[in-house]
Amino acid sequence: MMNIKKRKILLLNPPGDKLYLRDYYCSHSSKAKYYWHPYDLVAQSGFLAQEHELVALDANVLGLTPEEALNKIREMDIDTLFFLTGGVSWRMDFDFVGKILQAKPEIDEVITTGDIFLSRSTEILEKHPFISAALMDFTSDVLLRYFRGELKGEKTDYITYRWEGQILEGRRYTEDKEFEMPYPRLELFPWRRYRIPHGRYMPFASTLTNFGCPFKCSFCVSSIVPLKLRKPENAVGEIEYLHQHFGIKEFWIKDFTFAVNKKQTKEFLELLIAKKMDLSWVCLSRVDVMDEDILELMSRAGCHTIQFGVESVSDEILKHYHKGVKPQRVREVFAFCRAHGMRTLGHFILGLPGETQESALQTIAFAKEILPDFASFNIATPKMGTPFRQEAVEKGWTSADIDVLDNSVAFPVVKTEQLPPEEIWKLRNYAIRSYHLQPRFIWLRLSQVKTWYEFSTLIREGFGLLASTFQPMKSISEESDAHG
Ligand code: SF4
């Protein structure tokens, strides 16, 4: 057997000037005070711990300054760095990694992962020679094989890496495969500190039943990551392991679209119900993959909240951006969830090209009509790698030079013919305030509180969200300077 170097790897979530969420190829900053696991690193910890020594530092959730984080890293005995980054903060992250490499010249491999690599990994590796490889799929064992030296110049789907002076580009194009993952080494991370705004209990854990998404919504980076399904027994096994070893009963199933495959989902839910673990969980999905059978099984298996992308009520916008969801189906599914005691979170996008003042106000009115238990109003952002970005650059709605993007607390970066950025910003703030300050919404949320954790989260998140609507709109150059 080949002699494999046992590496000492630091799994790093870099520090930031805000709370940055950069996992699962979608980066933005936390709108209020929630902060979840850097899931790419957590998922990879299960693989890498099989053959290497690991240490983890989530400098962002610990609130460490770059100097404090660097001081901790100086003390570590490591030869490999694996860090998470994203379109929202990559310049700052790369700068920080540069400082680590100056302080620790013994580091001879720098691996990274994040949304910016899904479409531009070769270009980024060319410009930043300190990066040895970029991982494109954190559910794969390709990094283990890379460290074993097994890739030997072969192109693989899941990693872009250097080989004999060349950069070999990986791309996720393999469709419809099943996968399994080893259980994560959660104890390496400050797992008790992570929180989600719609969770019922602390601490919670993140998990997956599938990876990628088969839908093609052109504003979403997930539309370029093909779907693969996790074996139900492996997904349930991980939940059982986390429940038994860490006492966790709250889970966030992070699938881009839960229940996308009915057969696999039914198997997963029936297995979960049979385990009788008394769990509580939340997931993301689409109204058009839900049916009454699945919703009933989800409710029996402990699902208490489902997040849905509603996006807009305008038919033209939904059609142009390939969302393919009908407002009538949204009404039906939201009503069905309420009748079965499951809460809903509606995601809405304001300011997509084609948006007018009237259509934005209609979307806000629709949100008030269906009354999700949580509503998230975001500004259209041409994220790197999305067909929307390509369209926006081609049509001059945004500049190709804008490469630090955040749709959570940030300002509009797309000019539409109908609405200037200042108007989109005002509409976003109006949506958040007018939705959350409705008496019937306040009553609804207060009447649902079951635990002290939920009550404290409601108050903290509510204030944080409303406060974000009073911040001034910055220009994109101000934000880019902050990251430069
Ligand atoms: S269904 Fe959701 S995750 Fe999939 S491409 Fe559309 S917005 Fe993205």
Which of the residues that make up segment 254-283 are part of a loop (DSSP other than H, G, I, E, B) and over 23 Å from the mean Cα position of the chain (by Cα)? Lys276, Met277, Asp278
Odd one out for Glu267 among (1) over 23 Å from Trp36 (Cα atoms); (2) within 16 Å of the ligand (Cβ to nearest atom): (2)
Out of everything in segment 308-322 that is among the aliphatic types (A, V, I, L, M) and within 27 Å of Ile253 (Cα to Cα), what residue ends up being surrounded by the most Cβ atoms within 10 Å (Cβ to Cβ)? Val310
Within segment 303-353, can you find the residues that are more than 14 Å from the ligand (Cβ to nearest atom) and of a type in the set (Ser, Thr, Tyr)? Thr305, Ser314, Thr344
Does segment 151-173 include one or more residues that are in a loop (DSSP other than H, G, I, E, B), of a type outside the set (Ser, Thr, Tyr) and touching a Leu at 6+ places or on another chain (Cβ under 6 Å)? yes
If I filter segment 76-105 down to residues being free of Cβ contacts under 8 Å to residues at least 60 places away in the same chain and outside any helix (DSSP H, G or I), which single residue comes out as nearest to Lys18 (Cα to Cα)? Lys104
When you scan segment 242-264, how many residues do you find that are acidic (Asp, Glu) and within 16 Å of the ligand (Cβ to nearest atom)? 1
Condition first: away from the ligand (no atom under 16 Å from the Cβ), in the same structural domain as Leu371 (by TED's automatic domain parsing) and crowded, with 17+ Cβ neighbours inside 10 Å. Can you find one or more residues in segment 281-291 that meet it? yes
Quick one: which residue in Ala410, Ala392, Ala400, Ala431 is modelled with pLDDT of 90 or more, among the small types (Gly, Ala, Ser) and either over 19 Å from Val310 (Cβ atoms) or part of a helix (DSSP H, G or I) (or both)? Ala431
Can you tell me which residues in segment 199-236 are under 30 Å from Gln448 (Cα atoms), away from the ligand (no atom under 16 Å from the Cβ) and assigned to a loop (DSSP other than H, G, I, E, B)? Gly199, Arg200, Tyr201, Met202, Pro203
Options Ile239, Ile124: the member that is away from the ligand (no atom under 16 Å from the Cβ), over 30 Å from Met277 (Cβ atoms) and hydrophobic (A, V, I, L, M, F, W, C): Ile124
Apart from one, (1) β-branched (Val, Ile, Thr); (2) part of a helix (DSSP H, G or I); (3) without any contact (Cβ under 8 Å) to a residue 60 or more places away in the chain all hold for Ile73; the odd one out is (3)
What pairs come out if I take residues in segment 208-224 that are over 16 Å from Phe308 (Cβ atoms) and in contact (Cβ under 8 Å) with a residue 24 or more places away in the chain and pair them with residues that are within 6 Å of the ligand (Cβ to nearest atom) and hydrophobic (A, V, I, L, M, F, W, C) whose C-beta lies under 7 Å away, six or more apart or interchain? Gly212/Phe256; Ser223/Cys213; Ser223/Phe215; Ser223/Cys217
Please identify the pairs in which a residue from segment 429-440 that is assigned by TED's automatic domain parsing to the domain that holds Pro372 has its Cβ atom under 8 Å from the Cβ atom of a residue that is loosely packed, with under 13 Cβ neighbours inside 10 Å, counting only partners at least 6 apart or on another chain. Asn429/Phe470
Would you please list the contacts, defined by Cβ atoms under 6 Å and residues six or more apart or on different chains, that run from a residue in segment 314-337 that is part of a loop (DSSP other than H, G, I, E, B) to a residue that is among the hydroxyl-bearing types (Ser, Thr, Tyr) and modelled with pLDDT under 90? Tyr321/Ser218; His322/Ser218
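The values are calculated or read from the model by the stated rules, or taken from the named source; none is laboratory data. Just so it is clear, the structure is predicted and the values come from calculations on it, not from any experiment. In this analysis, Cβ positions are derived from the backbone assuming ideal geometry, glycine residues included, and neighbour counts consider all displayed protein chains.
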